Amino acid sequence: MPLDATHRLDLRARNHPAYWGFVLHRLSGIGLALFLPLHFWALGQAIQGEAALDGFLRWTDNALFKFAEWGLVVLLALHLAGGLRVMALEFLGWRARQKDLVAASAGFALLIGLLFLFHAG
Amino acid sequence: MAETELAEDKALAWTVKVWRGDAAGGGFAEYAVPARANQTVLDIVTHIQRELDPSLAYRFACRVGMCGSCAMEVNGRARWTCRTHASKVVTEGGTLELRPLANLPVIRDLATDMAPFFDKWAKAGGRFQPKDAKDGEVPADFAVVPPASKKRQEADAGIECIGCGVCYASCDIVAWNPDYLGPAALNRAWTLVNDVRDGARRGRLDAVAGDAGCHSCHSTQSCTERCPKNLDPSSAIAGLKRSIFWRFLEPGGDR
């Protein structure tokens with residue numbers, strides 16, 4: 001059976017809160033996975049001595065990096081909340097109120113992001 | 001009758017894009033149909049076949065939401081066409097788009113081959129195996145499970161599935177992994193796992209574990225969202241995952 005005759009899902013089939021919850025969880029996970037090598041590379045600067053790491057940290061002490069850091073904190077919070085949602089769904093068997101859970105997860109992530117911004121200055 | 005005719009006279013025509021083709025491929029054909037106030041999407045498909053193009057292939061039987069054979073993609077979403085009022089899904093521009101169910105091989109036009117879907121019910125151990133009887137035997141008497149008991153209610157939660165394939169056609173995991181058993185087959189397995197009269201629990205949990213089984217589910221919950229009977233296959237799959245997890249922790253439970 002050729003593949004072109006088997007119809008595929010499109011966005012209209014996927015447009016509901018639990019799906020967006022899944023998308024946020026997946027995208028934040030990919031974002032964090034991409035960040036990790038950078039993180040280890042930055043920490044690795046310490047191997048060449050305190051000055052190397054401090055130099056790098058001074059270089060990152062600007063508004064652009066603060067903004068990126070805010071994004072990172074939001075990604076972490078999103079991924080944490082998304083993971084808790086899946087655990088609640090799978091281990092506690094929570095059936096209903098998924099829409100609320102997805103909204104709460106997103107709200108939690110934004111709240112953490114705001115808290116970070118307050119402390120960023 | 002006069003009232004219906006009047007409504008038709010006044011009504012504008014809707015444009016219905018219907019996917020026509022077969023296993024080799026195909027494309028959309030457009031039909032103009034009367035914009036009746038009170039008609040289902042299935043009524044429209046029937047109108048096209050009876051009045052405009054008798055070569056259109058589609059599938060239906062009961063017309064009242066009992067058989068589950070008329071499911072199609074209506075404006076990109078899998079639905080029972082017999083239980084979908086056209087006026088509720090038609091776009092503001094008066095168009096409808098009809099395609100055969102996703103994730104299933106097309107036979108022709110709007111009819112898909114449901115064989116892979118039902119084959120997976122068998123693979124998931126969807127057959128009831130009486131506890132007190134050997135293979136294939138009918139036991140002399142079934143244990144009575146009171147309808148109000150928790151055990152019975154757990155088994156009843158997913159038992160109303162009529163196998164329409166809407167969940168299967170809405171599932172991303174089926175699209176990603178053609179071997180994935182899919183929400184309906186796993187929901188059936190979970191119903192039997194919860195049935196205290198069933199004796200094939202161990203084998204069934206083995207059948208639904210692993211890459212093609214419940215562990216592939218990413219909890220996107222499209223199955224639960226789209227099920228026309230408001231069943232919750234997503235929770236059924238989560239239940240299977242839980243049962244397999246706890247069984248793994250039992251002494252000798254990993255086999």
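No value in this document is a laboratory result; all are computed from the given coordinates. Computed from a predicted structure; not experimentally measured. Methodologically, a virtual Cβ is constructed for each residue, glycine included, from the backbone with ideal geometry; neighbour enumeration extends over all protein chains shown.
Its residues counted as N, region A:1-57 yields a C-alpha radius of gyration over 2.2 N^0.38 Å of 2.07.
With a 10 Å cut-off around each Cβ of B:235-242, the average count of Cβ atoms from other chains is 4. Please state the shape class of the protein assembly as shown: rounded when a/c is under 1.5, otherwise prolate if a/b exceeds b/c and oblate if not, all from the C-alpha gyration tensor. Oblate shape, in that a/c is at least 1.5 and b/c is the bigger or equal ratio.
Per residue, the convex hull spanned by the alpha carbons of region B:10-50 comes to 66 Å³. Relative to its residue count, chain A spans a Cα convex hull of 194 Å³ per residue.
For a quick check: sort B:Ile44, B:Ile162, B:Ile237 by the number of other beta carbons within 10 angstrom, fewest at the front. Walk me through the intermediate numbers first.
Numbers: B:Ile44 25, B:Ile162 16, B:Ile237 30.
Neighbour counts put them in this order, fewest first: B:Ile162, B:Ile44, B:Ile237.
Starting from the Cα-Cα distance between B:Asp156 and B:Arg63, subtract it from 0.36 nm times their residue separation and give me the gain in nm to one decimal. Could you put the intermediate results ahead of the total?
Working: separation 93, 0.36 × 93 = 33.48 nm, distance 2.51 nm.
The B:Asp156-B:Arg63 span can extend by a further 31.0 nm.
Averaged over peptide A:14-23, the number of partner chain Cβ atoms lying within 10 Å of each residue's Cβ comes to 5. Calculate for chain B the 222 nm mean residue ellipticity that helices alone would give, adding -39,500 (n - 2.57) per DSSP H run of length 4 or more and normalising by residue count, nearest 500 deg cm²/dmol. Rounded to the nearest 500, it is -9000 deg cm²/dmol.
Kirkwood radius and radius of gyration were both taken over the C-alpha atoms of region B:3-112, and their ratio Rg/Rh is 0.95.
Within straight-line reach of B:Lys150, meaning a Cα separation under 14 Å, sit the following aspartates and glutamates at least 8 residues removed in sequence or on another chain: B:Asp195. Taken about its Cα centre, region A:17-120 carries a charge dipole of roughly 500 debye when the Cβ of each Lys and Arg holds +1 and the Cβ of each Asp and Glu holds -1.
Can you tell me the FRET efficiency between B:Phe142 and B:Phe245 if r is taken as the Cβ-Cβ distance and R0 is 22 Å, rounded to the nearest 0.05? Show your work: numbers first, answer last.
On the way: r = 30 Å, r/R0 = 1.37.
Here the calculated transfer efficiency is 0.15.
When Cβ neighbours within 10 Å are restricted to other protein chains, what is their mean count per residue of peptide A:83-89? Don't jump to the answer; show the numbers that get you there.
Working: counts 0, 0, 1, 3, 0, 1, 7.
That average works out to 2.
Only Lys, Arg, Asp and Glu carry charge here, each on its Cβ (+1 for the first two, -1 for the last two); on that basis chain B has a dipole of about 740 debye about its Cα centre. Using only side-chain charges placed at the Cβ, +1 for Lys and Arg and -1 for Asp and Glu, the dipole size of region B:3-112 relative to its Cα centre rounds to 460 debye.
Taking the longest Cα principal axis of chain A as reference, the axis of helix A:17-44 is set at about 20 degrees.
Take every Cα pair under 8 Å in chain B that's 6+ residues apart, average their separations, divide by the length, and report that relative contact order as a whole percent. All intermediate terms of the calculation are to be shown ahead of the outcome.
Details: 437 pairs, mean separation 40.6, N = 255.
For chain B, the relative contact order is 16 percent.
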